[in-house]
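> One structure, pasted below without further comment.
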Amino acid sequence: MSEVKVRFAPSPTGRLHVGNARVAVLNWLAARSKAGEFLLRMDDTDRERSTKAFEREILEDLKWLGLDWDDFVRQSARQGRYDAAVARLKAKGRLYPCFETAEELELKRKIQLGRGKPPVYDRAALDLSAEEQAALMADGRAPHWRFKLADQPIEWTDLGRGAVRFEAGHLSDPVLLREDGRPLYTLSSVVDDGEFFITHVIRGEDHVANTAVQIELFQALGYDAPRFAHLPLMVGADGKQLSKRLGSLALGDLRAQGVQPEALVAYLARLGTPTAPEGSDTLDSLTPGFDIAVFGRAAPRFDPKELAQLNAKVLHRKPYAALAEALRQAGVDEALWDAVRENVESLEDAPHWAAAAYGEIEPERAPEDEAYLAQAADLLPDEPFDAETYPVWIGRLKEASGRKGKGLFMPLRRALTGRAHGPDLGALLPLMGRARAVRRLKGG
Ligand code: GLU
């Protein structure tokens, strides 16, 4: 068995967003850098909210990122294992039935908070006698079941946060079984991590309190607890919480916007570390020497602008074949891609360059440039056009008009491409052809 075995455990109750993708990428790198194993686990015990469509999309997203996995498991197929764990906990007296309704619990919480106390479950259900329990059940009340935490502090050395300690009495006994007998995540995750021999759990710091109770649960169930690494959650570029905006940062949406998987992987793998991502980073190049300890304690900022810049660098390196489908759809052939690729910022611009080279665009012509543009049309060399056409043309225009710098070429760029920025005009001109160019320069 390998020394490192990690897992990524998405819930198919929604789409993967950049926060999930970061956890997936870092787990994958942690496994591969130690020749370890990567388990993909679908946490699909929530039958109402889990869907096959979300599961399919998650698998597609992970493959798009370039991740592979050694084993795949669905929690919905492991009910028997959770039942067995429940039986062990009951036999040990660590599970107790509770009958409070959600409203009653909410009221208790409000009262505690009102008194300035932490909203920890008061264990009132432990005071119920066997007769009282029987009477409630006879009345048709189904209990949910809580795990009785030992009254002692819980401590561990976190690979992300260092020493962590929860004092006794600061955590509620967690509910492990719902009224309908189905296990909750706290239990199923521990049973799976224990039975799949997971060595390291790398996840967001929103799970720190779960970890505390899960460590006790590993012990109670007789499993070896894994090591834990909790990563600070990403915040937005403005430093504000990202959680509410994560829905708009779904991988499927980024993909549709032309974000390249290499760019996203490089960005997420370096975010929160002292090393800047490179356009040449790949999963393979990031693997050797990967170390979860280099991730800082400060919340990293997810900045779409930085991602876009990295994405542009990745695009500049990509040959036509690697993007053929997306480019073909946008009407961009190989010659055009080679002409534009070093100056593209985003694939979303691709249809525009296709129109500039082979179709129609709306030329931008300022009234004060009309005479200059007419002159430019007259001085445009004859076909065939090649790489020399543009420098020759610019040379003629410079002499004839006396213009230089921006005043010389910007009106040409605006008229020929409809934009102030973009690919090298010298490369674009031969694809555009003389007739199209003259039409745009002369207007009308
Ligand atoms: N399904 C859980 C989640 O998506 C997994 C958390 C964990 O890594 O243990 O939050």
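> Just wondering, is there one or more residues in segment 257-266 that are open to solvent by 30 Å² or more (accessible area, probe 1.4 Å) and either farther than 16 Å from A322 by Cα or not in a helix (DSSP H, G or I) (or both)? Reasoning before the result, please.
To start, the set of residues in segment 257-266 that are open to solvent by 30 Å² or more (accessible area, probe 1.4 Å) comprises 257, 262.
Still in the running and either farther than 16 Å from A322 by Cα or not in a helix (DSSP H, G or I) (or both): 257.
Yes, that holds for at least one residue.
> Here is a follow-up. Check segment 193-200 and report whether any residue there is among the hydrophobic types (A, V, I, L, M, F, W, C), open to solvent by 10 Å² or more (accessible area, probe 1.4 Å) and either outside any strand (DSSP E or B) or closer than 30 Å to F290 by Cβ (or both).
yes
> So, one more: Can you tell me which residue among T51, T45, T13, T101 is farther than 25 Å from A220 by Cβ and within 14 Å of the ligand (Cβ to nearest atom)? Before you say what the answer is, go through the steps one by one.
Numbers: T51 fails: within 14 Å of the ligand (Cβ to nearest atom); T45 fails: farther than 25 Å from A220 by Cβ; T101 fails: within 14 Å of the ligand (Cβ to nearest atom).
Unique residue meeting the criteria: T13.
> State which residue is surrounded by the most Cβ atoms within 10 Å (Cβ to Cβ) when the search covers only segment 41-64 and only residues that are over 22 Å from M234 (Cβ atoms) and hydrophobic (A, V, I, L, M, F, W, C).
Across segment 41-64, the extreme among qualifying residues is M42.
> Inspect all residues belonging to segment 144-153 and state whether any of them is away from the ligand (no atom under 16 Å from the Cβ), at pLDDT below 95 and open to solvent by 40 Å² or more (accessible area, probe 1.4 Å).
Yes.
> Does Y96 qualify as being assigned to a helix (DSSP H, G or I) and either open to solvent by less than 60 Å² (accessible area, probe 1.4 Å) or more than 28 Å from K148 (Cα to Cα) (or both)? Break it down into steps so the answer makes sense when it comes.
Numbers: assigned to a helix (DSSP H, G or I): no; either open to solvent by less than 60 Å² (accessible area, probe 1.4 Å) or more than 28 Å from K148 (Cα to Cα) (or both): yes.
Judged against the criteria, Y96 is not a match.
> Filter segment 414-425 down to the residues that are buried (at least 18 other Cβ atoms within 10 Å of the Cβ) and within 16 Å of E342 (Cβ to Cβ) and list them by number.
Within segment 414-425, T417, G422, P423, L425 qualify.
> Go through segment 121-143 residue by residue and tally those that are over 48 Å from the mean Cα position of the chain (by Cα) and over 18 Å from D180 (Cα atoms). Working first, answer last.
Keep residues of segment 121-143 that are over 48 Å from the mean Cα position of the chain (by Cα), which gives 129-132, 134-135, 138.
Next, only the ones that are over 18 Å from D180 (Cα atoms) stay: 129-132, 135.
Residues meeting the conditions: 5.
> Across segment 295-313, what is the number of residues that are over 19 Å from G19 (Cβ atoms) and of a type in the set (A, V, I, L, M, F, W, C)? Show your work before the answer.
Residues of segment 295-313 that are over 19 Å from G19 (Cβ atoms), as a first pass: 309, 312-313.
Going one step further and asking which of them are of a type in the set (A, V, I, L, M, F, W, C), we end up with 312.
So the count comes out to 1.
> Sort through T157, T186 and tell me the only one that's hydroxyl-bearing (S, T, Y) and within 30 Å of S76 (Cβ to Cβ). Explain how you work it out, then say what you get.
On the way: T157 fails: within 30 Å of S76 (Cβ to Cβ).
Going through T157, T186 in turn, the sole match is T186.
> Would you be able to say whether some residue in segment 380-395 is out of contact with any strand residue (DSSP E or B) (no Cβ under 8 Å at 6 or more places or on another chain), assigned to a helix (DSSP H, G or I), open to solvent by less than 30 Å² (accessible area, probe 1.4 Å) and under 30 Å from L307 (Cβ atoms)?
No, segment 380-395 contains no residue that is out of contact with any strand residue (DSSP E or B) (no Cβ under 8 Å at 6 or more places or on another chain), assigned to a helix (DSSP H, G or I), open to solvent by less than 30 Å² (accessible area, probe 1.4 Å) and under 30 Å from L307 (Cβ atoms).
> What residue, among those in segment 166-188 that are open to solvent by 30 Å² or more (accessible area, probe 1.4 Å) and under 25 Å from L26 (Cβ atoms), is nearest to the ligand (Cβ to nearest atom)?
Applying the filter and picking the extreme gives Y185.
> Right, another one. Across segment 1-54, what is the number of residues that are within 19 Å of A229 (Cβ to Cβ), outside any loop (DSSP other than H, G, I, E, B) and among the basic types (K, R)?
Qualifying residue count for the region: 5.
> Oh, and also: Identify all residues within segment 135-169 that are of a type in the set (A, V, I, L, M, F, W, C) and either closer than 14 Å to E100 by Cβ or touching a Pro at 6+ places or on another chain (Cβ under 6 Å) (or both); write none if there are none. Give the derivation first.
Applying the first criterion (of a type in the set (A, V, I, L, M, F, W, C)) to segment 135-169 yields 135-138, 142, 145, 147, 149-150, 154, 156, 159, 163-164, 166, 168.
Once the filter is applied, which keeps residues that are of a type in the set (A, V, I, L, M, F, W, C) and either closer than 14 Å to E100 by Cβ or touching a Pro at 6+ places or on another chain (Cβ under 6 Å) (or both), segment 135-169 yields L136, A142, W145, F147, A168.
> Select from segment 273-293 the residues that are crowded, with 21+ Cβ neighbours inside 10 Å and over 19 Å from L62 (Cβ atoms) and list them in ascending order.
In the first step, residues of segment 273-293 are kept if they are crowded, with 21+ Cβ neighbours inside 10 Å; the result is 277, 281, 286.
Hit for segment 273-293 is P277, nothing else.
The values are calculated or read from the model by the stated rules, or taken from the named source; none is laboratory data. All values derive from a computational prediction rather than experimental measurement. Cβ: placed from backbone, ideal geometry, glycine included. Neighbour counts: every protein chain shown. Ligands, DNA and RNA are stripped out before the accessible areas are found, and what is left, the full protein with its side chains, is counted by its heavy atoms. Shrake-Rupley method; radii C 1.70, N 1.55, O 1.52, S 1.80 Å.
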